[in-house]
Amino acid sequence: MENIDSKTPKNPQISDSDSSYLNGSEKTANNDSSLNLGGLFSNTFSNVKPLYESKVGSTQLYTATRYGKRFVLKGLKEGYRNDPIFNLAMAKEFEIGIGLEHPNIRRTISLEKADGIGEVIVLEYIDGRPLEAMLREKTISISQGRAICRQIAEALAYLHTRQSVHRDLKPANILVTFQGNNVKLIDFNLADNEDFIILKNPAGSGKYIAPELLEPEAIPTPEADIYSLGVVAGEIAEATGDRILQAAAEKCRSDNPSKRIEGFEMLKEGSMRKSPKILLDQFLSSKWLTYLLAALCTLLTIFIISRTLL
């Protein structure tokens, strides 16, 4: 996990990604000869198992089942459970998350007390893996990379209409489902909303944080999220060799926040057919250029050999 760098104003909030649990899998077994259905109708969480514990932050994640369905429980490590600041931060994360309903944002379900864990945020369980792992393994195609960027942009646009900002957009906080390759934006630990007047310190992770947030008395803005989106899109473009996506990413990464725009309209089907420049860029970044050059070299070789034999 990357944290904000040394230029960050004093006492920044620390990024605390909660996607690491997806690198593993769970197996359960029931050796009983008869099935106990009583537990399926209990409102108590069962099969509670640790999933992830932040190394530098306060967060601890668990998986649990209730009514035959799996959930993620997000709580505080034991040493933080009585700290009012961290409890305020968790309450703020819940209040922001519970008001969001978008297909590309993980659902926040409730705030409850769980036996042995304390107060927890109950979250939707996502069967997928972090974009971070996909970038590392270079398993993303050009079309898939563009679809991922469009879905992230749509989630952010919705979030901003709710007067909220994510403040920690990075590949570790973006999940891609195994079925359907759908994006799920997660981890609102550092998110902020205009309704709140608490925990306003600058926040973010490493290279994904917008440069203006490194200034004294910086305030979170939607434009800062757009900058982070541009960095993520640039990493996808680099991994896939997509020059068109790279151009779109650059529109998001201007040092001047007022000049940042989401450049992903150019990736929609139909718009690429209207622009000769985009068509040319698409051709130059495709495998067909390689095939064409190979064919020309072959023809040139045949021509030279035939001239020599004559």
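Each reported figure results from applying straightforward, stated rules to the coordinates on display, with no laboratory input. Quick caveat, the model's predicted, so the values are computed rather than measured. Methodologically, a virtual Cβ is constructed for each residue, glycine included, from the backbone with ideal geometry; neighbour enumeration extends over all protein chains shown.
Values as computed for the structure displayed
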read-out	value
Filtered residues of segment 82-128 (kept if surrounded by fewer than 19 Cβ atoms within 10 Å (Cβ to Cβ) and farther than 24 Å from Arg66 by Cβ)	Asn82, Asp83, Pro84, Ile85, Phe86, Leu88
Pairs, first surrounded by fewer than 22 Cβ atoms within 10 Å (Cβ to Cβ) in segment 142-168, second assigned to a loop (DSSP other than H, G, I, E, B) and aliphatic (A, V, I, L, M), C-beta under 7 Å, six or more apart	Arg162/Leu100
Flag for Lys74 being in a helix (DSSP H, G or I), crowded, with 18+ Cβ neighbours inside 10 Å and basic (Lys, Arg)	no
